[in-house]
1. Can you tell me how the range 540-671 classifies by the Cα gyration tensor, rounded, prolate or oblate, using a/c under 1.5 as the rounded cut?
2. How big is Rg to Rh over the range 287-334, alpha-carbon atoms, Rh as the Kirkwood inverse-mean-distance radius?
3. Can you tell me which lysines have their Cα less than 19 Å from the Cα of residue 723? Leave out same-chain residues fewer than eight positions away.
4. Could you please state how large a percent of the accessible area of the range 720-829 is carbon and sulfur, counting protein chains only and using a 1.4 Å probe?
5. Taking only protein heavy atoms into account and a 1.4 Å probe, give the accessible area per residue of the range 744-789 in Å².
6. Rounding to the nearest 20 debye, state how big the charge dipole of the range 637-736 is about its Cα centre with +1 on each Lys and Arg Cβ and -1 on each Asp and Glu Cβ.
7. Test of understanding: express the Cα radius of gyration of the range 457-587 as a ratio to 2.2 N^0.38 Å, with N the residue count.
8. Kirkwood hydrodynamic radius for the range 701-788: how many Å is it when counted over pairs of different Cα atoms?
Amino acid sequence: MTDPFKDFLEELERRRGGGESPAVDNATVDGADEGAPPPSRPRARRPASGGGTNFTRPKLSLRSLFFPVLIGLFFIGGPIIGLLTDARWFESLGAGALFWQRLQIQGTLFVVAALAALAFLLITVVLAGLISRRQGGGGASDARQETSQARQDRPPLVNERGQIRIDGIGDALRDLFASSGGANLGGEGSAVVRVGNGALRVAAVIVALIIGAQVAANWEAISLWQHAVSFDPSGTPVVDPSFGRDISFYLFELPILRLAQGIVVTLLLAGTILTALRYLPLIGARGLGFVGVLPRLHLALLVGGILLATAYGYQLDKLELVYSSTGVATGLSYADQAARLPGLDILTGIAAIAAAFLVGAALTRSTWPLALTGIVWIGASGIFGGIYPEFVQRFQVQPNEFALEEPYIANNIKMTRLAFGLDGWSEAQYDGEAELTPEAIAKDSATFADARLWDYRPLQQTLDQLQTVRQYYNFSDVDVDRYEINGEQRLVMLSARELNPQRALQSSTWVNRRIAFTHGIGVAMVPVAGVASGGLPQLIIRDIPPVSTDGAPVVTEPRIYFGELDDDWVVVGAKTPEFDYPVGEGADDGTTATDATTTWSGSGGISLKTFADRLLFAARLGDFNLLISDQITAESQLLWRRTISERISALAPFVSWDSDPYLVIREDGGLSYMVDGYTVSDRFPNAQFFDPSVLTSNSFDRPANYIRNSIKATVDLYTGETKIYIADASDPLARAWSGVFPGLLRPLDEMPQDLRAHLRVGEAGFDAATRVYARYHVTDPQTFYRQDDVWTVPESAAGSQSLPGEAYYVRVRLPGQEATEFALIQPLVPTSRPNMIAWVAARNDGENYGQVVSYRFPKDTSVFGPSQVGARIDADPIISAQTTLWDQSGSLVTRGNLIVTPIGDTLVYLQPVYLQSTSSSFPEFQKIVAATSTKVVWGDTLAQALNLLVGGGVVDPGGGTEPTDISGLVTRASELYAQAQEALRAGDFGLYGERIAELKRVLDTLAELTAGTTP
């Protein structure tokens, strides 16, 4: 077999050396009489082998085809298998039409863009070829100056050592693309010329594929543009203050205009390069100025198109100044308005003029106007792109910054508040310094009845030790929610007992891993104020199968096939029944004769009925056992992608999902996860960007200046049924996506009522909004400019024993309201000091869902912030002495989230304390700290701590009272005496007096009970 590359180089050398006979003898032509008609040119015959040199066609064999076919199957078969298996998974969710519609959108965009780009590129290349032949076929003598002898005098392109002569590449390329009528270097149908033209076509195809992929990758933006809606649902224009355009223009249209401008520039640039390569032989033979008008005009039109697209890009740059960060606030600034906007208009005009002069130069060969314009353009770019705006900023804006920037600051404040929904928040004054009394505590007894004595983080560890039952279960997260218990709304913490294959199935068989162990089971529920003996949680739903007590909701379908933990695919409906839950004592890593079994009865799995089904998913999942195992029957189904986040993200990838789904027990006894979703954009005009890196969650993956909690999702933990709802019908992005995928986003009215009762404001979106509000609570531009009223979220309470602070869900009676309600609260402090300046509450119940109220303290007050209260807790002599003693004994002391609770016109700070001794593997509730601005105490119970805080008279929020029996009073007297002695040793005589006074009251009560008794 010959070497095709070597033959190719030899063909180039032969042609460069004149080895191929000319179509018409040059001597005859040169010697002919000028008046004689030119001799007819014989038709070139196509060589049998396709060129001047016979290339040996390689023989094909099965062995030579094996590896290419294998590689082709790898690159083509993999995507096809992925496509088919994804389609089957979507169909199992009842969303097959959604999958194919999304694929159709992406495929259509790819094909249309690629074909349009390919058509343009091929047309311009073919046109260049036609023009080249016409230019070469005119009989001009300068096209034939290089004779066969001259080409023979050139040094070889490749010497005897195999080294390529760099300066000969240009000659070789000219020969490669030479036409029969051009430089007379070979027939247009020769193999070498066809290789050159083929290379250009291949390059055109590659560029077209890249452009098609780029367009398809932007399918979300294009789909939104096709289904764009006005920002206001009523159609009333809501315009940006800079250019007077509706905000929907920036959300939907401007990104597409920028995308189109970039694609046009790319396409024209690629077309220019390919066209220039096609003209290269002609240009090399004659020079660019002597190739004729048509080639010059062709190239000039292409480059002129690039210049015009660049000019249009300058106009888009003007509109994108609404995202500028050069001024005091994000958005159009004075320097942008005064310098950059006119500068961009001037650059637009220069670019358009340059395009016109370029075409004129191609027609007239007069290039000095173009050169002059180019020089002016370069100078103007430097001046208007940097020098002049900086000059305006330095010498005009900075000496009088606020006066010039005031209207632009006002624009930024207005648009930022609109973008994050802060304009809908209400504000109220809150005193917060009234004295706490037993009467105030009694009035808000419902609030204290649901005081959070449990922090979800220590509780998760405790549940994991007490309620997993077997090592292959895991409580992955603890959620806070409200439920009707015994006819009253109560605040509880609950967690799902999910299967964790990583714990116990490491050495199990394939049958155990894929068929037997398929699901978790049951939940654990604890009232947030429920503490049992020994500091353990008061479980009102517990064990396997779950048992509900004390009025807790009954769980009738406890099996959990879909959850939060990283899942693995399983097969249900196989010959071996599924392990359900352990009965009696047995091994942890397998089933026993007494273990209960079950079979999944859902219908939303992927059928494995046929051999083709099993083969398809065996290839996708990389498990040959799925194909050969006799466990799989015609009734078997594959449960795949069982993680909540994976399911909802696959259905709605355009939504940013909250990283913390929360568990809900439905009225029918089934289990569901509910997830908050956010529509997010970075295209809102003149609005401040929010950096999600400041959050502890990973709900947002990029900076954004528009966030709405407008989407909710529910997932049935048994069947996997997933539904997505629109919670905010005014959100333009949600309305646009409803147009893109009709039926995917359901109206909130279609959500079952028992699930709607558990709607709540998403924590991640609330955290983002409160951090933006911390700066944009200010509506006065001058105050904003001075930045002397900037707030922030408080740091964690002082001390290494405290857990990080965060927003928290509580049941509380908000100021001015008659009843307690489920609210999400976040305290705020000034950036310059730790005192609390305000607290924000998001309401969640009934018609009040989504309302946010900011309660501001008077400016002349000084209310302790969480870090200050934490420092006071650390400094309390009794608390400090006891925690030090625990630390010295090797026990781990953990303080939960510091809960700021509004009680009437005062604030009560509550912080639970947990102790994990050296002999215990989980934390236990030990104390509850209660504090006001003037006092810090702790007690074994909430009632005890409140009584110490106000000097007695507090009725236990759970219904109990101060001890009334002799034994209880004696115990209480002993505690007070010990605390008084600790205070005395610490030199805190004020606290010592308080404890002695309380001790006296207890002893008086004890004396009354024992009066008249015989010793």
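1. Oblate is the answer for the range 540-671, as a/c is 1.5 or above yet b/c matches or exceeds a/b.
2. Working: Rg = 18.8 Å, Rh = 13.5 Å.
Using only Cα positions, Rg/Rh for the range 287-334 is 1.40.
3. By straight Cα distance, residue 723 reaches 712.
4. Within the range 720-829, the accessible surface is 45 percent carbon and sulfur.
5. Working: 1900 Å² over 46 residues.
Result: 41 Å² per residue.
6. 240
7. Computed over Cα atoms of the range 457-587, the ratio equals 1.11.
8. This gives a value of 15.6 Å.
The values are calculated or read from the model by the stated rules, or taken from the named source; none is laboratory data. This one's a predicted model, so the numbers in the text were calculated from it and none came from an experiment. Every residue, glycine as well, gets a Cβ built from its backbone with ideal geometry; the counts of neighbours run over all protein chains shown. SASA here: full protein model, heavy atoms, side chains in, ligands and nucleic acids out. Shrake-Rupley method; radii C 1.70, N 1.55, O 1.52, S 1.80 Å.
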